[in-house]
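Q: First, the structure itself, so that you have it in front of you.
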Amino acid sequence: MDAAAPLLLFDSGVGGLSVLAALRRVLPDAPVIYAADNGGLPYGTKSEAEIAARVCGLLGRMSERFRPRLICIACNTASTIALAMVRDVLNVPVVGTVPAIKPAAEATRSGVIGLLGTAATVRQVYVDRLEADHASGKTLLRFAASELIGAAEAKLRGKAVDPATIARAVAGLRDQPRGDRIDTVVLACTHFPLLTDELASTFGPDVRFVDGAEGIARRIAHLTANQRFARLRPDRAIFTRGDPDLDALRPALARYGLSELEVLA
Ligand code: DGL
């Protein structure tokens, strides 16, 4: 294994940075390429076929180009739809992001769990299976909080988050039958942990949040145990489209250790 071979983290936008933060804590020396398919954002309102084709195609291209030692699909939407397909076509270990229903079911005291995800994620059979396997006997209330994607993207570009956007997402769960009993919320989209402060102040102090980031980071550390890491160049963020507002992301990317920004040619 080439010690400079990177870990490739992939998301439709900045959401995967919430996974990168956890990864940095366990593998600070690992060279990373963060890839954002901003040309395809948002995934959550696309069809399954569109997401699968896009993710398989892009990861195939990026894996030839960047020769990663491991790919992490740091996106619940892409993982719940395309993880198996990507694993079938690529000859590199692929770690996905699974909605953290199991830890939420273990943590809840009231027995009522909320789940915020994209429209595509909340309708997946994959989520039905997680619910049946890990949360039977509990109530799982789902809400497609598509607006939060744009709010997280804006926040990382230094813009203010509109409290009304957060309030609508919270009401989407609270207003369902038994929603007032929710004590645990699964953030089943990697963009949403970037809004934890805003969500926490609207949900109130009795609600805890769970997401998959720590578990994914531990899984990557396990799969790369005993491998050597050498960072020969600064870690970078790659975008699939050269949007004019990408420069506004530079300070946030730098906070996650991504000091270079490129657009995929
Ligand atoms: N960050 C992605 C996820 O975890 C989705 C954002 C999007 O809709 O593109 O599901």
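The values are calculated or read from the model by the stated rules, or taken from the named source; none is laboratory data. Not measured: the values here are computed from a predicted model. Note: ideal-geometry Cβ built from the backbone for every residue, glycine included; neighbour counts use all protein chains shown. To get the accessible areas, we keep the full protein, side chains included, count just its heavy atoms, and leave off ligands, DNA and RNA. Shrake-Rupley method; radii C 1.70, N 1.55, O 1.52, S 1.80 Å.
Q: Could you tell me whether Pro68 is under 18 Å from Ala225 (Cα atoms) and crowded, with 24+ Cβ neighbours inside 10 Å?
A: Yes, satisfied.
Q: Given the conditions (1) part of a helix (DSSP H, G or I); (2) out of contact with any strand residue (DSSP E or B) (no Cβ under 8 Å at 6 or more places or on another chain); (3) more than 14 Å from Gly96 (Cβ to Cβ), and given that Leu41 satisfies all but one, which numbered condition is not satisfied?
A: (1)
Q: Which residue out of Gly242, Gly215, Gly179 is surrounded by fewer than 22 Cβ atoms within 10 Å (Cβ to Cβ) and within 16 Å of the chain's Cα centre (by Cα)?
A: Every option except Gly215 fails the conditions.
Q: Yes or no: Arg142 basic (Lys, Arg) and not in a strand (DSSP E or B)?
A: No, not satisfied.
Q: Take the residues of the stretch 35-56 that are open to solvent by 20 Å² or more (accessible area, probe 1.4 Å) and in contact with a Ser or Thr (Cβ under 7 Å, 6 or more places away or on another chain): which is farthest from the ligand (Cβ to nearest atom)?
A: Once the filter is applied, the top-ranked residue is Gly39.
Q: Then there's this: Among the residues of the stretch 145-176 satisfying the criterion of being of a type in the set (Asp, Glu) and open to solvent by 50 Å² or more (accessible area, probe 1.4 Å), which is farthest from the chain's Cα centre (by Cα)?
A: Per the stated criteria, the residue is Asp175.
Q: Which of (1) within 16 Å of the ligand (Cβ to nearest atom); (2) among the hydroxyl-bearing types (Ser, Thr, Tyr); (3) at pLDDT 95 or above does Tyr126 not meet, given it meets every other one?
A: (3)
Q: If I ask for residues that are more than 22 Å from Phe143 (Cα to Cα) and either within 14 Å of the ligand (Cβ to nearest atom) or assigned to a helix (DSSP H, G or I) (or both), which ones from the stretch 74-101 would you list?
A: Hits for the stretch 74-101 are Leu83, Ala84, Met85, Val86, Arg87, Asp88, Val89, Val95.
Q: Give all pairs with beta carbons closer than 8 Å in which a residue from the stretch 134-147 that is without any contact (Cβ under 8 Å) to a residue 60 or more places away in the chain and within 14 Å of Thr165 (Cβ to Cβ) meets a residue that is of a type in the set (Phe, Trp, Tyr) and surrounded by 20 or more Cβ atoms within 10 Å (Cβ to Cβ); count only pairs at least 6 apart in sequence or on separate chains.
A: Going by the 8 Å Cβ cut-off, the qualifying pairs are Ala145/Phe192.
Q: For Glu198, all conditions in the list (1) under 12 Å from the mean Cα position of the chain (by Cα); (2) open to solvent by 10 Å² or more (accessible area, probe 1.4 Å); (3) closer than 17 Å to Glu147 by Cα hold save one; what is the number of the exception?
A: (1)
Q: Out of Ala120, Ala105, Ala132, report the one residue that is within 14 Å of the ligand (Cβ to nearest atom), of a type outside the set (Lys, Arg), at pLDDT 95 or above and in a helix (DSSP H, G or I).
A: The match here is Ala120.
Q: A follow-up question, please. For the stretch 11-24, which positions are over 14 Å from Val95 (Cα atoms) and within 11 Å of the ligand (Cβ to nearest atom)?
A: Listed by number, the residues that qualify are Ser12, Gly13, Val14, Gly15, Leu17, Ser18.
Q: I would also like to ask the following. From the list Leu8, Leu59, Leu70, Leu27, which one is more than 12 Å from the ligand (Cβ to nearest atom), more than 12 Å from the chain's Cα centre (by Cα), more than 28 Å from Asp243 (Cα to Cα) and of a type in the set (A, V, I, L, M, F, W, C)?
A: Details: Leu8 fails: more than 28 Å from Asp243 (Cα to Cα); Leu59 fails: more than 28 Å from Asp243 (Cα to Cα); Leu70 fails: more than 28 Å from Asp243 (Cα to Cα).
Residue meeting the stated conditions: Leu27.
Q: Follow-up. Residue by residue through the stretch 134-179, note down the ones that are of a type outside the set (A, V, I, L, M, F, W, C) and more than 26 Å from Ala107 (Cα to Cα).
A: Glu147, Gly150, Glu153, Lys155, Arg157, Gly158, Lys159, Asp162, Pro163, Thr165 - these are the residues of the stretch 134-179 that are of a type outside the set (A, V, I, L, M, F, W, C) and more than 26 Å from Ala107 (Cα to Cα).
Q: Which ranges mark the strands (runs of 3 or more DSSP E) fully within the stretch 155-265 that have 1 or more residues being in contact with a Ser or Thr (Cβ under 9 Å, 6 or more places away or on another chain) and within 21 Å of Ala36 (Cβ to Cβ)?
A: In the stretch 155-265, 184-187, 236-239, 260-263 are the strands (runs of 3 or more DSSP E) which contain 1 or more residues that are in contact with a Ser or Thr (Cβ under 9 Å, 6 or more places away or on another chain) and within 21 Å of Ala36 (Cβ to Cβ).
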